[in-house]
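Just below is one structure, and these are the notes that go with it.
Only the coordinates and a few stated rules stand behind these numbers; no lab work does. Keep in mind that this is a model prediction, so the values were computed, not measured. Heads up, the Cβs are rebuilt from the backbone with ideal geometry, glycines too, and the neighbour counts pull from every protein chain shown.
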Amino acid sequence: MKSVADLGAWVKKLLLLLALAQGLRAQEHPVDPTWLHRYVPDLAETKVDLSSPTCHYRPIFGEGDKDNRSLQTVARFGEVTLDPHGSCETVVYDRQEEIYFVVEGTGSLHYVLHDAVRENDQVYALRKHDFTYLPPGVKRSISNQSEQPLRVLVMGFKIPSSMALGAPMPHPKVANLEDANERTVSGHPNSVLYKLLIGLRTGKRDLIDEAYVMDSFFWMDFAPGGTNWPHHHEAAEEIYLVIDGHGEMVAGSGTDGVEGRYPAKAGDAYYFRPNCTVGFYNENKPDAKAYILAVRARVPLHEDEE
């Protein structure tokens, strides 16, 4: 028969084994990062619903990316490359809105509305730095009739089931970066100028105000030494893509008053979760310009997701 001392030792060993087992289970549980970084030229092609033999998709964040657990409203943020005379598959999303932004080349947007009689395929010409908002429930695709590749950023955002949807626009609005005037934005330094491209359907400040949850799609033009002060959004996700220039991206930290800074160059993309510190510092050199394309989307309350 075991003594009291032996029994006590056995209990201690059992408790230790249980603690170790719980520790191992904790180690296996994935931890969602506060922010993500990708260098676009290094990313590999992935097949998604719009892919075809002549339409190639590189996921940056979201759909097709291995680390997509952190994303909530953002469904996809990636780059499509169409071969000369190529075309993508037609796609439609019942509760997602999208933005297309032409990085390079020329092509066509196909906007397909369905009525009681037939489908009406509308075609709109696209050129470099054109952008458009695509509502849920409308079929869309892009094609390239030129002899050069066409590169397009594709951004998708989930609309919660609790949000009522209006009728799709009969015609998409296609605008160009050149159409937007540069301006300062309240609460931000004057060393960065903004072009406000797409915003919420309740707004009136952007070139296209049609979105449900994507509350700001904008372009930033940094002066030498310019900065977008470190800040955070409590109920929004944000993505920055460096189009040109060099500087330091602010990503995370900030709880102790020290922001995390990381060297950034053209092709660097950053995703920021809600409440993550975000900002950018341009190089403080003569003629050191930097341009960033950014998009921010609201994150719904938990009850909206149920």
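Structure above, values below:
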read-out	value
Inter-label distance for residue 188 and residue 121, nm, one decimal - labels placed 7 Å from Cα along Cα-to-Cβ	4.0 nm
Exposure proxy order (Cβ contacts within 10 Å, fewest to most) of 238, 63, 45	45, 63, 238
Under 30 Å from the Cα of residue 173 - lysines, other chains or at least 8 residues apart	47, 128, 139, 158, 195, 204, 289
Counting all C-alpha pairs of the stretch 112-158, share separated by more than 14 Å (%)	60 percent
Candidates per trypsin sites (Lys or Arg not before Pro) in the stretch 156-234, loop by DSSP, up to 11 other Cβ within 10 Å	204, 205
Cys with no candidate disulfide partner in the chain (beta-carbon separation under 4.7 Å rule)	276
In the stretch 105-196, GluC sites (Glu not before Pro) in a DSSP loop with at most 14 other beta-carbon atoms within 10 Å	147, 182
Distance between modelled label sites at residue 94 and residue 223, nm, 7 Å Cα→Cβ extension	5.1 nm
Approximate spin-label separation residue 243-residue 275, in nm, with each point projected 7 Å along Cα-to-Cβ	3.3 nm
Value of [θ]222 nm, deg cm²/dmol, for the chain, DSSP H segments ≥ 4, -39500 (n - 2.57) each, nearest 500	-3000 deg cm²/dmol
Extended-chain gain in nm, criterion 0.36 nm per residue less alpha-carbon gap, residue 265 and residue 13	85.3 nm
Loop-located trypsin sites (Lys or Arg not before Pro) in the stretch 37-108 whose Cβ has at most 11 other Cβ within 10 Å (DSSP)	47, 66, 69
Gain on full stretching of the segment that runs from residue 232 to residue 112 - 0.36 nm per residue minus C-alpha separation	39.4 nm
Degrees separating the helix 4-28 axis from the principal Cα axis of the chain, which is the longest one	10 degrees
Full-extension gain in nm, residue 146 to residue 83, via 0.36 nm per residue minus C-alpha separation	21.8 nm
Candidate lysines - alpha carbon under 18 Å from residue 285, same-chain residues fewer than 8 apart omitted	265
Diffusion constant of the chain at 25 °C, which comes from Stokes-Einstein with the Kirkwood Cα-pair radius and 0.890 mPa s, µm²/s	115 µm²/s
